Amino acid sequence: MTNEAFQNPKPGRRRQPQRPPQSMPGRRRPLQRAEAWAKDSWDKLSQARLPKPKKPSRKALWWTGGILAGLAIVIGILIAIWDWNWFRGPLARYASARMHREVTITGDLDVHIWSWQPRATVEGVRIANTPWGGREPLGTFERITVQIRLIPLLWGDVDLRLLRFDRPDVNLFADAQGRKNWDFSGGRKQEPTRLPPIRSFIINDGKLDFADVKRELRFNATVNAMENLGQANRGFEMVGQGTINRQPFRMEVTGGPLLNIDRNQPYPFNAEIRAGQTFVTAVGQVPKPFDLGRFHMQTTARGPDLSDLYPLTGVALPNTPPYRLRGRLSRDELIWRIDNLGGRVGDSDLSGDIKVETGRVRPMLTADLRSRSLDFDDLGAIFGGAPATGPGETASAEQVAVARTLGAQQRLFPDSTLDVSRIRALDADVRYRAVSIRDAPISLRAGSVRVKLDNGLLRADPLRLELPRGRVAGFVALNARKSVPVTSLDLRLSNARIEELIPVTFGGGHPLTGALAGRARLTGEGDSIHKAFANSDGEVMVVAPGGEIREAFAELMGVNVVKGLGLLLKKDMQTTPLRCGVAHFQTTDGVMRASNIVLDTGPVLITGRGEINLGTERMSFEARGHNKKFRLVRVLLPVTAQGPVRSPKLGVKPGAAIGQGVAAVGLGALVSPIAALLPFVDPGLAKDANCGALMADAAREGAPVRSAAR
């Protein structure tokens, strides 16, 4: 090019850039000079003449077109005559790599590619099982047919026009360790099954064999999916039967037609499950067909025990009386929910919401539950016992049998073994509150608890039981991380009243009234409630900082026969002060022992001792009264309470009275009849107990004495 703008400047001289004419006086800034130079250079370059490209000749165009056309014809001929069975090996190796199972193809591979909706058919497909999954293959398929639309593939969408399985035979197995032979994730986080839209989905004469060792579930089913199964709006049907918890099990799932499915229209389905006496029904929808990561259904369930649902849900639910519940069950990816839960468990109502998050090492259950009215005896089933079985009570046949056994043995604590594997397989955070409580052994008004379960460690904290006056508060923990579970509890009784906790009346009034406080701290090993208490260590303290006692009973505890019986016969309601009372039990190997029980009243100081064996559930107590005033006739008859904890018997220990009688007969014969009364005379030398020191000791042991005194 000869344009001056591109000629080299003369050697030794600096070429000065041409300056555009200035329209304004003064020197231009450097940026303005650079812009002007660039504009001038572009104008000169645009005026230069560039050489024109040469047009290809007609002969060259003909050659190029001919070569491309010939290549297309050759490719078409090769595709038409190609033996597609050559691709069976690469296709099987690709499937094996994706599924982490050996996949083999023994039949023909047929492909029809000259269509906007190409189709492929493969025969004799076999998917091998895992080494621990059994001898049978994971799945065999007589024929698989796939048809797909090409145009949606241009923008990345997969639109299957047809997916057909002929005579599939699938064997699903989960072992005792929880491993699943249908888990193809290779150790990665397993996502929900999500298939692309399928216009026509057909299963012809399918068989499904499912076995789960851990859940004790075995299921054999036939599966068919056709355009019409003989009933209106039924295109999918899976019917099968088997066993669950060694009880007969039957399941039937039906859905709408699987032809002409619209991806924007929900797919309806129904399900019915019967396992022994458990019956579950569901009516639901899949918002986006074949996307099983999201669906919802209205569900009802009834049965003898909620824990029986574990094989179906995989969630460890507590033992309960017979139940009847309903709610909206939904799935959103890895989140399962039960919203608007309602119904009855035993003779108690139950409502709330439940959420279970899967995709973790252990599923996480979160729940907020409540009862307007709780029948207290329904809680017995949670600990392996039984609810009340009298007229009008709700209990299963198994729970009635447990109640009979415990009643015949005069026991409270059941021997039902705790399944720690279920506790270790779940994490939980559950809140529960009862607005009112009825039929409790003591007067309870309401209660609440928060239960957390983390890797086998269960803790009910805080646990609160509201009394008409006062409360029981603390925690109960179960450590199932060890080979033998360890149960511990720490409960405090504060601001309570004796007459409300022991509602015994005589002659129209309470024999004992006043404040009451206490604390129980116990820890024991065992895989049942009975074993845990039978091996427990700790201490239990009960404190009465003050109150009143019927004078008649105080005199009898003396035992002042003449005055005490006289006051009782007169139905005298006169009371005497209860200065204090303390019972401190040291617990070792399940035996609670109290060596010094003190009950200090106005006229009598009562002392005693005793023990409660939590293993045999029997008790033995003895109390003796010491008069503080002179008594003419006093019989040395220590009061006893012995027998099963569930129904002890009150009595007197006659040994000392016999000695008194023998001494009286001797004195009467040797001295005079009046001398016979001397063994029954009490000089009244007993002193007041040091209640201040007793209360201080109780406070140091953690009993809420001050609040009780107030």
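Can you spot a residue in the range 304-313 that is over 24 Å from R424 (Cβ atoms) and surrounded by 17 or more Cβ atoms within 10 Å (Cβ to Cβ)?
Yes, the range 304-313 contains a residue that is over 24 Å from R424 (Cβ atoms) and surrounded by 17 or more Cβ atoms within 10 Å (Cβ to Cβ).
Being surrounded by fewer than 19 Cβ atoms within 10 Å (Cβ to Cβ), at pLDDT 90 or above and part of a strand (DSSP E or B): is that true of R450 here?
It is true that R450 is surrounded by fewer than 19 Cβ atoms within 10 Å (Cβ to Cβ), at pLDDT 90 or above and part of a strand (DSSP E or B).
What tally of residues in the range 133-171 results from selecting those that are buried (at least 17 other Cβ atoms within 10 Å of the Cβ) and among the hydrophobic types (A, V, I, L, M, F, W, C)?
8
Filter the range 278-287 down to the residues that are touching a residue at least 24 places away in the same chain (Cβ under 8 Å) and buried (at least 17 other Cβ atoms within 10 Å of the Cβ), then identify the one that is farthest from D159 (Cα to Cα).
T278
Using beta carbons and a limit of 6 Å, which pairs, at least six apart or on different chains, have the first residue in the range 96-115 and of a type in the set (K, R) and the second one surrounded by 15 or more Cβ atoms within 10 Å (Cβ to Cβ) and assigned to a strand (DSSP E or B)?
Hits for this filter: R101/I127.
Go over the candidates R88, R126 one by one and state the one that is assigned to a strand (DSSP E or B), surrounded by 15 or more Cβ atoms within 10 Å (Cβ to Cβ) and of a type in the set (K, R).
R126
Among the residues of the range 264-319, what is the count of those that are in contact with a strand residue (DSSP E or B) (Cβ under 8 Å, 6 or more places away or on another chain), outside any loop (DSSP other than H, G, I, E, B) and of a type outside the set (A, V, I, L, M, F, W, C)?
19
Yes or no, residue by residue, for (1) surrounded by 18 or more Cβ atoms within 10 Å (Cβ to Cβ); (2) in contact with a Lys or Arg (Cβ under 9 Å, 6 or more places away or on another chain); (3) within 30 Å of A425 (Cβ to Cβ); (4) modelled with pLDDT of 70 or more:
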{"site": "E216", "(1), (2), (3), (4)": "no, yes, yes, yes"}
{"site": "N220", "(1), (2), (3), (4)": "no, yes, yes, yes"}
{"site": "E227", "(1), (2), (3), (4)": "no, no, no, no"}
{"site": "E237", "(1), (2), (3), (4)": "yes, no, no, yes"}
{"site": "G240", "(1), (2), (3), (4)": "yes, yes, yes, yes"}
{"site": "N245", "(1), (2), (3), (4)": "no, yes, yes, yes"}
{"site": "R250", "(1), (2), (3), (4)": "no, yes, yes, yes"}
{"site": "T254", "(1), (2), (3), (4)": "yes, yes, no, yes"}
{"site": "N260", "(1), (2), (3), (4)": "no, yes, no, no"}
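Looking at A275, A301 in this structure, which one is at pLDDT 90 or above, buried (at least 18 other Cβ atoms within 10 Å of the Cβ), under 30 Å from L350 (Cα atoms) and in contact with a Gly (Cβ under 9 Å, 6 or more places away or on another chain)?
Sole residue among the options that is at pLDDT 90 or above, buried (at least 18 other Cβ atoms within 10 Å of the Cβ), under 30 Å from L350 (Cα atoms) and in contact with a Gly (Cβ under 9 Å, 6 or more places away or on another chain): A301.
If F475 satisfies every condition in (1) crowded, with 17+ Cβ neighbours inside 10 Å; (2) closer than 30 Å to S595 by Cβ but one, which is the exception?
F475 satisfies every listed condition except (1).
For (1) closer than 18 Å to F173 by Cβ; (2) part of a strand (DSSP E or B); (3) out of contact with any Leu (no Cβ under 7 Å at 6 or more places or on another chain), each residue gets a yes or a no:
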site	(1), (2), (3)
R98	no, no, yes
T104	no, yes, yes
D110	no, yes, yes
W116	no, no, no
V122	no, yes, no
T140	yes, yes, yes
R143	no, yes, yes
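For the range 393-422, enumerate the residues that are surrounded by fewer than 18 Cβ atoms within 10 Å (Cβ to Cβ), under 21 Å from R344 (Cβ atoms) and among the aliphatic types (A, V, I, L, M).
A397, V400
Which residue, of D308, D368, D339, is in the same structural domain as S436 (by TED's automatic domain parsing) and in contact (Cβ under 8 Å) with a residue 60 or more places away in the chain?
Only one candidate passes the filter, namely D368.
What's the number of the only condition in (1) modelled with pLDDT of 85 or more; (2) out of contact with any Leu (no Cβ under 7 Å at 6 or more places or on another chain) that M557 fails to meet?
Against the list (1) modelled with pLDDT of 85 or more; (2) out of contact with any Leu (no Cβ under 7 Å at 6 or more places or on another chain), M557 comes up short only on (1).
Yes/no per residue for (1) part of a strand (DSSP E or B); (2) touching a residue at least 12 places away in the same chain (Cβ under 8 Å); (3) over 30 Å from R422 (Cα atoms):
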{"residue": "V472", "(1), (2), (3)": "yes, yes, no"}
{"residue": "L478", "(1), (2), (3)": "yes, yes, no"}
{"residue": "S488", "(1), (2), (3)": "yes, yes, no"}
{"residue": "A517", "(1), (2), (3)": "yes, yes, yes"}
{"residue": "D527", "(1), (2), (3)": "no, yes, no"}
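Condition first: surrounded by 23 or more Cβ atoms within 10 Å (Cβ to Cβ) and within 17 Å of L412 (Cα to Cα). Now tell me which residues in the range 531-550 satisfy that.
A532, S536
Hey, does the range 448-463 have a residue that's of a type outside the set (G, A, S), over 23 Å from A367 (Cβ atoms) and in contact (Cβ under 8 Å) with a residue 24 or more places away in the chain?
No, there is no match, as no residue in the range 448-463 is of a type outside the set (G, A, S), over 23 Å from A367 (Cβ atoms) and in contact (Cβ under 8 Å) with a residue 24 or more places away in the chain.
Looking at L172, L153, which is the one that is under 40 Å from the mean Cα position of the chain (by Cα) and either of a type in the set (S, T, N, Q) or outside the structural domain of I423 (by TED's automatic domain parsing) (or both)?
L172
The values are calculated or read from the model by the stated rules, or taken from the named source; none is laboratory data. Quantities reported herein were computed from a predicted structural model and do not represent experimental measurements. In this analysis, Cβ positions are derived from the backbone assuming ideal geometry, glycine residues included, and neighbour counts consider all displayed protein chains.
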